[in-house]
Amino acid sequence: PGWGYSVVNGATTIWERWNSYTKEGGVMQGMNSFNHYSLGSCTEWMDTYCLGIRPSMDAPGCRKIDFVPCFDLTGKITSAQGHYDTDFGRVEVKWKKDGAAFTYSVTVPAAIEHTFTFDGMAIKSETKNENTYTFVLKTEQ
């Protein structure tokens, strides 16, 4: 049925099976976890690679975050946005492809040390407005 099916049916975690519960059959018999991590690894990819949010191992507890996004140069993914809640506040990231450039914007709480790395990209412009950093990037070709 898809990711949305579980949510529509009251899920707040990832189910082990797409059909762990159906309106017609109720809870499926046998192997059945309603809090199953393996499918949750998709969200790790979205946070870590698509959004580029990488908590540093040098400063546990999100005291430092390295922002290292991997933009889709094939054009299949043209934008993304999301957030990551820390003890210091919410980290928000959004980016979009704009013609030949990418606009990458991050809002990070002041208490979090952070770095930006854009592998294979050249920074065309960068701005800072309070705790929001915006970069316009172009591939180095």
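The values are calculated or read from the model by the stated rules, or taken from the named source; none is laboratory data. Predicted model only: the values in this text are computed from it and were never measured. Neighbour counts run over all protein chains shown; Cβ positions are idealised from the backbone, glycine included. These accessible areas exclude ligands, DNA and RNA; they are computed on the full protein's heavy atoms, side chains included. Shrake-Rupley method; radii C 1.70, N 1.55, O 1.52, S 1.80 Å.
Results, tabulated for the structure shown:
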quantity: Residue list for the stretch 54-93, filter: assigned to a strand (DSSP E or B), hydroxyl-bearing (Ser, Thr, Tyr) and open to solvent by 40 Å² or more (accessible area, probe 1.4 Å); calculated: 79, 84
quantity: Qualifying residue in the stretch 98-121 (condition: in contact with an Asp or Glu (Cβ under 6 Å, 6 or more places away or on another chain), of a type in the set (Gly, Ala, Ser) and modelled with pLDDT under 95); calculated: yes
quantity: Positions within the stretch 94-115 being farther than 11 Å from residue 67 by Cα and not in a strand (DSSP E or B), in sequence order; calculated: 99, 100, 109, 110, 111, 112
quantity: Among (1) part of a loop (DSSP other than H, G, I, E, B); (2) open to solvent by less than 80 Å² (accessible area, probe 1.4 Å), the one test that residue 48 misses; calculated: (1)
quantity: Test result for residue 53, modelled with pLDDT of 95 or more, in contact with a Pro (Cβ under 6 Å, 6 or more places away or on another chain) and β-branched (Val, Ile, Thr); calculated: no
quantity: Residue 118 vs. criteria under 13 Å from the mean Cα position of the chain (by Cα), assigned to a loop (DSSP other than H, G, I, E, B) and buried (at least 16 other Cβ atoms within 10 Å of the Cβ); calculated: no
quantity: Lone unmet requirement of (1) buried (at least 17 other Cβ atoms within 10 Å of the Cβ); (2) over 15 Å from residue 137 (Cα atoms) for residue 106; calculated: (2)
quantity: Which listed residue, of 76, 128, 64, is closer than 28 Å to residue 15 by Cβ, over 14 Å from the mean Cα position of the chain (by Cα) and not hydrophobic (A, V, I, L, M, F, W, C); calculated: 76
quantity: Residue check, residue 135 touching a Phe, Trp or Tyr at 6+ places or on another chain (Cβ under 6 Å), within 20 Å of residue 50 (Cβ to Cβ), of a type outside the set (Val, Ile, Thr) and buried (at least 17 other Cβ atoms within 10 Å of the Cβ); calculated: yes
